[in-house]
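Right, one structure below, let's go through it.
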Amino acid sequence: MNVSPLREFFPEVPPTSWELMDRYCDLLDTEGRRAGLIGFDSPAIPEQVARSLLVLRVTETPQLLIDVGSGAGLPGVPLAIAGTTVVLVEPRQRAQAFLELVRRELQLDFEVSATTAEQVGRGLLREAAQVVVARALARTGVALELCSPLCVPGGSIVLTAGPETEAAGPAVLEELGLGGAEIVDVPGPENIHQFFHIVQKVRTVGEDYPRRQGLAQRKPLS
């Protein structure tokens with residue numbers, strides 16, 4: 001699968017990375033589809049890679065980026081191929097197996113954390129990443145509760161969004177040590193527009209967060 005049309009739009013991606021990007025797309029279209037991890041058609045795969053790489057346009061190069069609920073590896077794997085140090089947090093076994101296959105086949109240097117966001121947020125990765133990303137993880141307040149404990153104060157949380165995405169309220173942001181939230185429209189190649197909900201981490205989050213597994217979804221902050 002050919003992603004070469006993206007090269008001119010993303011000069012920040014090393015030229016040697018594009019062959020690996022092609023191979024990742026092929027794995028998405030075969031093994032990822034077989035595992036039920038993608039629901040979009042084959043022609044849309046390069047677009048999904050482009051949407052992932054647009055994260056580079058809204059963040060400074062981090063020492064560590066964590067992708068929460070990585071699934072088939074979007075956006076984390078394209079960002080890893082582009083040279084970012086990445087940890088992919090993914091609790092589902094079939095998705096873990098696919099991500100491990102991608103790592104072996106492409107000889108990439110990323111880590112797959114085979115656990116939940118709640119567990120990893122209370123472990124060694126607590127407040128470890130300068131950038132935390134999530135794609136289609138949960139409604140905004142839930143996603144922020146799962147991502148904030150992983151983000152270092154001074155870092156950023158980047159959630160994929162749409163033009164109708166509801167921003168988290170001030171009380172939720174305050175509770176999670178967050179501030180400076182905005183939804184931005186980032187233009188991509190061939191009339192692609194990717195919205196991101198970007199939230200700054202301004203202080204250490206309390207030890208009560210993340211709450212135990214599933215509680216954020218059942219009783220979201222409001």
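Bear in mind that the values in this text are calculations on the coordinates, not laboratory data. A quick note: this is a predicted structure, and the numbers were derived from the prediction, not measured. Glycine also receives a Cβ, built like all others from the backbone with ideal geometry; neighbour counts cover every protein chain displayed.
Round to the nearest 0.05 the FRET efficiency obtained for Val58 and Val202 when R0 = 22 Å and r is the Cβ-Cβ distance. E(calc), rounded to 0.05, equals 0.80.
Taking N as the number of residues in the range 128-222, what is its Cα Rg relative to 2.2 N^0.38 Å? Each step should come with its number before you reach the end.
Working: Rg = 13.1 Å, N = 95, 2.2 N^0.38 = 12.4 Å.
That ratio works out to 1.06.
In the chain, the longest principal axis of the Cα atoms and the axis of helix 18-27 are about 80 degrees apart. Helical content of the chain, expressed as a calculated mean residue ellipticity at 222 nm, amounts to -7000 deg cm²/dmol (DSSP H runs of 4 or more residues, -39,500 (n - 2.57) each, divided by residue number, nearest 500). Take each peptide in 162-170, 198-206, 149-157, count the other Cβ atoms within 10 Å of every residue, and average; sorted highest first, the result is 149-157, 198-206, 162-170.
Taking the inverse of the mean reciprocal distance over all distinct Cα pairs, the Kirkwood hydrodynamic radius of the range 23-97 comes to 12.7 Å. Computed packing ranks the peptides 10-20, 130-140 as 130-140, 10-20, most packed first, by mean other Cβ atoms within 10 Å.
Each residue of the range 182-192 was assigned a 3J(HN,Hα) from its phi angle through the Karplus expression (A = 6.51, B = -1.76, C = 1.60, θ = phi - 60°), giving 8, 10, 10, 9, 10, x, x, x, 6, 6, 6 Hz with x at Gly and Pro. Rg/Rh for the chain to two decimals, with Rh computed the Kirkwood way over all alpha-carbon pairs. Rounded to two decimals, Rg over Rh is 0.95.
Report, for the chain, the % of DSSP beta bridges that are antiparallel, rounded to 5. Write down the numbers at each step before the final one.
Working: 14 of 30 bridges.
Percent antiparallel among DSSP bridges in the chain is about 45.
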